[in-house]
Ligand SMILES: [Zn+2]
């Protein structure tokens, strides 16, 4: 890694990936509520089940911020803990096609990470740092260089397809705040509830009620809180519940012949029952670049496709690393997901009409905090990966 953090003694400034962070005056807890589009919060507020979070919003302690692209879990969690976009840290999803080997490989461990984490930098400077994640797939990335506690609820025996997984993350955060009062805590939940239940449903409201109680407790214990999301979540199905899917590999094989293109879906992971490996973002590798411009033109016209960009344009617009996104980047629209071929997606594993994310429609997410925001630079549009910067530098 090149951008080594330059830590100072407690009370000083910690520099990470060319951004400066002040030493926390009170414990800071950054919470990533996976898949929490603002409609989940709005419904929970309206139902009266999340009085604490609602009180923050009522006091104006909230912002609308943008997630990093693609709007997937790992790229955004890593963006939040590094304070920089995927162009800088290198994590664009769960999978990418390695141009050196031509193979699709998982990028769920720290060897793919190109930036330091804020957590690691503070821990190396002597801070007591805690990171708790829901799924184990994120733990290895969050643990990079971290000398504090880093555990996953999955590893601690919680069922993956459950609200419990996320509730456990918050419970542990509260427990550790009581017992060891960490300087910095990062809590990251799973989006099982949001993939499975729409905003305002009894299950979603119950979940946000539990979350609200734990966050209120962290506040009572004296923590500064910044609560945001890695991405939003939308129904990707017709009114009759049928998933709206563009099978991109099938389409490209018909147009250009089998073997001329490879579609990679970076959402693909071992936890397919959430989403059947269907998200609103995909990348295309072309064997021969002479077809690229006609491919872009034709894919752009497919119903359900939102944006199609050649590599350089995608890097410029979405802050992506050129060597991990293929030749063409494709986003589906708010109601559509991208698949490869029907045979590669087991929709029978889905427990409810498909809800997913990955595109621009899931980019806008809420951010709430428990103190007024002030200082310089607060007039610009923030990103979810400004969470630590806001928590350490901007909250009064
Ligand atoms: Zn997520």
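Looking at the structure I just gave you, is residue 122 at pLDDT 95 or above and more than 16 Å from the ligand (Cβ to nearest atom)? Break it down stepwise before answering.
Numbers: at pLDDT 95 or above: yes; more than 16 Å from the ligand (Cβ to nearest atom): yes.
Here the answer is yes, as residue 122 does meet what is asked.
Being more than 16 Å from the ligand (Cβ to nearest atom) and in contact with a strand residue (DSSP E or B) (Cβ under 8 Å, 6 or more places away or on another chain) narrows it down to one residue among 127, 67, 110; which is it? Reasoning before the result, please.
Numbers: 67 fails: more than 16 Å from the ligand (Cβ to nearest atom); 110 fails: in contact with a strand residue (DSSP E or B) (Cβ under 8 Å, 6 or more places away or on another chain).
Result of the check over 127, 67, 110: 127.
Check residue 41 against each of (1) closer than 30 Å to residue 128 by Cα; (2) within 16 Å of the ligand (Cβ to nearest atom); (3) touching a strand residue (DSSP E or B) at 6+ places or on another chain (Cβ under 8 Å) and name the one condition it does not meet.
(1)
Can you tell me which of (1) at pLDDT 95 or above; (2) out of contact with any helix residue (DSSP H, G or I) (no Cβ under 6 Å at 6 or more places or on another chain); (3) surrounded by 19 or more Cβ atoms within 10 Å (Cβ to Cβ) is the one residue 78 doesn't meet?
If we test residue 78 against (1) at pLDDT 95 or above; (2) out of contact with any helix residue (DSSP H, G or I) (no Cβ under 6 Å at 6 or more places or on another chain); (3) surrounded by 19 or more Cβ atoms within 10 Å (Cβ to Cβ), just (2) comes out false.
Table: residues versus (1) over 30 Å from residue 299 (Cβ atoms); (2) crowded, with 17+ Cβ neighbours inside 10 Å; (3) in contact with a helix residue (DSSP H, G or I) (Cβ under 7 Å, 6 or more places away or on another chain).
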| residue | (1), (2), (3) |
| --- | --- |
| 193 | yes, yes, yes |
| 200 | yes, no, yes |
| 228 | yes, yes, yes |
| 241 | no, no, no |
| 249 | no, yes, no |
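All but one of (1) closer than 30 Å to residue 332 by Cβ; (2) more than 16 Å from the ligand (Cβ to nearest atom); (3) in contact (Cβ under 8 Å) with a residue 12 or more places away in the chain hold for residue 103, so report the exception by its number.
Of (1) closer than 30 Å to residue 332 by Cβ; (2) more than 16 Å from the ligand (Cβ to nearest atom); (3) in contact (Cβ under 8 Å) with a residue 12 or more places away in the chain, only one is false for residue 103: (3).
Taking segment 137-178 as the region of interest, how many residues are closer than 25 Å to residue 209 by Cβ and without any contact (Cβ under 8 Å) to a residue 60 or more places away in the chain? Please lay out each step first, then the result.
Start the filter on segment 137-178 by keeping residues that are closer than 25 Å to residue 209 by Cβ, which leaves 138, 151-154, 156-178.
Now drop any that are not without any contact (Cβ under 8 Å) to a residue 60 or more places away in the chain, which leaves 151-154, 156-159, 162-165, 167-169, 171-172, 174-176, 178.
Count: 21.
What residue, of 60, 90, is at pLDDT below 95 and either away from the ligand (no atom under 16 Å from the Cβ) or out of contact with any strand residue (DSSP E or B) (no Cβ under 8 Å at 6 or more places or on another chain) (or both)?
Working: 90 fails: at pLDDT below 95.
Residue meeting the stated conditions: 60.
Out of (1) at pLDDT 95 or above; (2) in a loop (DSSP other than H, G, I, E, B); (3) crowded, with 16+ Cβ neighbours inside 10 Å, the odd one out for residue 108 is which?
Failed condition: (1).
Which one of these does residue 207 not meet: (1) over 17 Å from the mean Cα position of the chain (by Cα); (2) within 16 Å of the ligand (Cβ to nearest atom); (3) assigned to a loop (DSSP other than H, G, I, E, B)?
It is condition (3) that residue 207 fails.
The values are calculated or read from the model by the stated rules, or taken from the named source; none is laboratory data. This one's a predicted model, so the numbers in the text were calculated from it and none came from an experiment. Cβ sites come from the backbone with ideal geometry, for glycine too, and all protein chains shown count toward neighbours.
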